[in-house]
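The values are calculated or read from the model by the stated rules, or taken from the named source; none is laboratory data. Not measured: the values here are computed from a predicted model. Note that each Cβ is placed from the backbone with ideal geometry, even for glycine, and that neighbours are counted across all protein chains shown. These area figures cover heavy atoms from the full protein model, side chains too; ligands, DNA and RNA do not enter into them. Shrake-Rupley method; radii C 1.70, N 1.55, O 1.52, S 1.80 Å.
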There are 2 protein chains.
Amino acid sequence: MAVAEADRTNLSPAVATQLRTAQDLFIRRWGEMGQTWGINRTMAEIHALLYVVAEPLCMDDVMERLHISRGNSSMSLRALCDWGIVRRLHKLGERREFFESLTDVWDMFSLITAERKRREMDPVLETIRECRRMLDEKTIGKQAARGREVQLTRERLAGMEEFMEVTNKIFQQFIGNARSGLTRVVRVLLKAF
Amino acid sequence: MAVAEADRTNLSPAVATQLRTAQDLFIRRWGEMGQTWGINRTMAEIHALLYVVAEPLCMDDVMERLHISRGNSSMSLRALCDWGIVRRLHKLGERREFFESLTDVWDMFSLITAERKRREMDPVLETIRECRRMLDEKTIGKQAARGREVQLTRERLAGMEEFMEVTNKIFQQFIGNARSGLTRVVRVLLKAF
DNA sequence: CTCCAGTTTCAGTAAGTACTGAAAGAATGC
DNA sequence: GCATTCTTTCAGTACTTACTGAAACTGGAG
């Protein structure tokens, strides 16, 4: 149990409380932020917990600490593992499984970015291309393609496509490069401006 | 009315249908994407509509085109204006108001980025700093601050703070620079890697 | 095989969010 | 002043998403 583990350390009760308070504050805020970015609160909280305690926890630890049900823990932990930002961990001689967060924030960011790009940006980009195809000369004829309204819409679609392609390229730089990539990016940027 | 306006143009019915189909497809996808990023679907759809038709529309146009109520239109349009990505527009001799989207995608991105940074990242960063303060030597004493668990949590919080500070700086570059800033960023990046 | 510790699944429900429609409020013109 | 046209607000409701808890499942030990 986590309790037994806590006992191993020699934190005074006052310090232990302070530690927990600080962790809880972080967890709460992280959960709130997740929500506004389209990540469900509990999932973000579990992740924050695993990240901030910096030690593998089992499902019961998570349930107890965040006051959530077994079912919820199970599903959320699975989702976090699917994202790749949490790992399952077998301790030798232990029957139950433990979970730990990735350590490196930059790696986490890379994983999340890559996944969201794939899930949410790529389909939009594809749709925009399809919309443009529906309005190009080959499809509706040269005459029609010159109509004022068609022209306007075509321009807007083109503008959006260009934008998304560029942001895609930026993401591409982050993905795979992770920490080294990002810090390099930042160095370059801060110098360039 | 928008109908009268459409009549002014000489689109064949077939082309008009095709145009509308393409626009609707874009609007739908944009709405879906918005949802997954924590923006409500209708708001994203209204924005997509105003952007893609590239002509000012009045509230009734919006209601009719997206099949939403007057109340919903009113609130969503107000929110879009608050974000600054949609503008109110008076046509001379017209009683009702029209709405148009910003034209430049890069400007839109800047506005949204700035606002989300302010609303969602800054408070988190402040919280992390507060958590760190709760666990520093001055607050809990030198001895306690060296406890294993306290150390671990402190390291994690520090890692996250560093990350958020760097991403903040990147955002900072975009905000205000908008198009020129971003394209410059991209050029630099593509050269550097 | 059965038992048991641990995990997953999922129907039902609670909580939260978005939307409508009607009523109140503004602004314009007579 | 009143009538007309357009906009906003908000209580009530529909819809969506998240969560629980119990039952089903899994795999190791006896």
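Details
- Among residues of region B:51-66, those that are closer than 24 Å to A:LEU135 by Cα and within 14 Å of DNA strand D (Cβ to nearest atom), counted: 5
- Helices (runs of 4 or more DSSP H) wholly inside region A:21-121 that include at least 1 residues being at pLDDT 95 or above and not assigned by TED's automatic domain parsing to the domain that holds A:ASN168: A:41-53, A:59-66, A:70-83
- Selection from region A:137-162 of residues that are under 23 Å from B:PRO56 (Cβ atoms), more than 9 Å from chain B (Cβ to nearest Cβ) and open to solvent by 70 Å² or more (accessible area, probe 1.4 Å): A:ARG146
- Residue satisfying all of: in region A:92-124; farther than 14 Å from A:TYR51 by Cβ and small (Gly, Ala, Ser); most open to solvent (accessible area, probe 1.4 Å) among these: A:GLY93
- Only listed residue being without any contact (Cβ under 8 Å) to a residue 12 or more places away in the chain and either within 16 Å of DNA strand C (Cβ to nearest atom) or within 25 Å of A:PHE109 (Cα to Cα) (or both), chosen from B:LYS117, B:LYS169: B:LYS169
- Residue list for region B:55-66, filter: over 16 Å from B:LEU25 (Cβ atoms) and either open to solvent by 10 Å² or more (accessible area, probe 1.4 Å) or over 21 Å from the mean Cα position of the chain (by Cα) (or both): B:GLU55, B:PRO56, B:LEU57, B:CYS58, B:MET59, B:ASP60, B:ASP61, B:MET63, B:GLU64
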